[in-house]
Amino acid sequence: MPALSRAVDAAPLRPETLGATSNIVIGFVGGFVRHDNPHHGTVQAAQQIRRAFPKDTYVRVFENRRRKQAYDAIVRLLDTNRDGVLSAEEKAKARIILFGHSWGAAAAVLLARDLRREGVPVLLTVQVDSVAKAWQDDSIIPDNVAEAVNFYQPHGIIHGRAQITAANPATTAILGNYLVDYKENPVQCPGASWMDRFFTPDHMQCECDTRLWSQIENMVRQRLSAPDTSADVSARVDPQP
C-alpha cells in the first residue's frame with residue numbers, strides 16, 4: 001500500500017506525459033496528514049482512480065498546504081506546447097476533478113478559484129467534511145466548476161461545512177449537501193491514530209468510510225468517462241485578474 005501511494009503521487013511531468021494527459025485528478029489530504037499516507041481515503045481513492053484510468057489520466061495527492069504546487073502542476077500539464085502561456089485551446093481541453101477531506105476539501109475549492117482566475121474550467125469538486133482555515137471560504141463554488149458535491153457530518157469539535165452554494169447557479173450544479181451520521185452508522189478505522197479516535201472520532205470516520213469513498217470514486221469515473229464537453233464550459237469562463 002505505501003509503495004502504491006507513492007507511485008500515484010510521484011508521477012513525473014515528462015514531456016510525453018504533458019502531451020498525452022487529457023484527464024487531471026487532484027486530491028488533498030486534511031490536517032497534517034502526509035500525501036502518501038495509505039490509511040486515508042483521499043490516498044486510497046486516488047489509487048483506485050489511477051488503476052481505472054492508467055493511460056490518459058494524471059492523478060496526484062497533495063498536502064492541503066501545497067495548493068500552489070498543485071496549481072503549477074495543472075498549468076504545466078495543460079501547457080502542451082510548453083510556451084508558458086495557456087491558450088484558449090489548451091484551456092478547452094482541461095478535464096479536471098478536485099477533491100479532498102477536511103482542510104483538503106477547502107483546498108480543492110480554493111484551487112478551483114485559482115483556476116477560475118486563469119480561465120480554466122473544472123468538471124467537478126468534491127468536499128468531504130470540509131473545514132476552512134481562518135482566512136478561507138469553502139462555501140461558495142466558483143462558476144468555472146460544472147458540478148460540485150458536499151458530504152459532511154455534524155458531530156464533534158471538528159465537523160464539516162453543512163452547505164455549499166454556487167456563485168452562479170446557471171453554470172454550476174450543486175449535486176447535493178449530504179449528511180453522513182456516524183453516530184447512527186459507525187465505521188471502523190483500523191489505521192487511525194489514538195488522537196483521532198479520542199478527539200475527532202466522527203471527523204476521522206469520514207476519512208476511512210469505504211462506502212463514501214467508493215461513491216466518490218464512481219462519480220469521478222463517470223465524469224472522466226463521459227463525452228468531453230469541456231470546450232463548452234471554457235467558453236463561458238472569463239479569466240479574472
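The values are calculated or read from the model by the stated rules, or taken from the named source; none is laboratory data. Because the structure is predicted, anything quoted here is derived from the model rather than measured. Ideal geometry is used to build each Cβ from the backbone, glycine not excepted, and the neighbour counts take in all protein chains shown. Note: accessible area is taken over every heavy atom of the protein model, side chains too, but ligands, DNA and RNA are not part of it. Shrake-Rupley method; radii C 1.70, N 1.55, O 1.52, S 1.80 Å.
The table that follows gives values for the structure above.
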quantity	calculated
Verdict on Leu110 being touching a helix residue (DSSP H, G or I) at 6+ places or on another chain (Cβ under 9 Å), open to solvent by less than 10 Å² (accessible area, probe 1.4 Å) and within 22 Å of Arg60 (Cβ to Cβ)	no
Residues located in the range 16-31, provided they are in contact with a helix residue (DSSP H, G or I) (Cβ under 9 Å, 6 or more places away or on another chain) and either open to solvent by less than 10 Å² (accessible area, probe 1.4 Å) or at pLDDT below 70 (or both)	Thr17, Leu18, Thr21, Asn23, Ile24, Val25, Ile26, Gly27, Phe28, Val29, Gly30
Single residue of the range 60-91 satisfying the filter (under 19 Å from Trp103 (Cα atoms) and not charged (D, E, K, R)) that is most open to solvent (accessible area, probe 1.4 Å)	Gln69
In the range 126-145, the residues that are buried (at least 20 other Cβ atoms within 10 Å of the Cβ) and in contact with a Ser or Thr (Cβ under 9 Å, 6 or more places away or on another chain)	Val128, Asp129, Ser130, Val131, Asp138, Ile141, Pro142, Asp143, Asn144, Val145
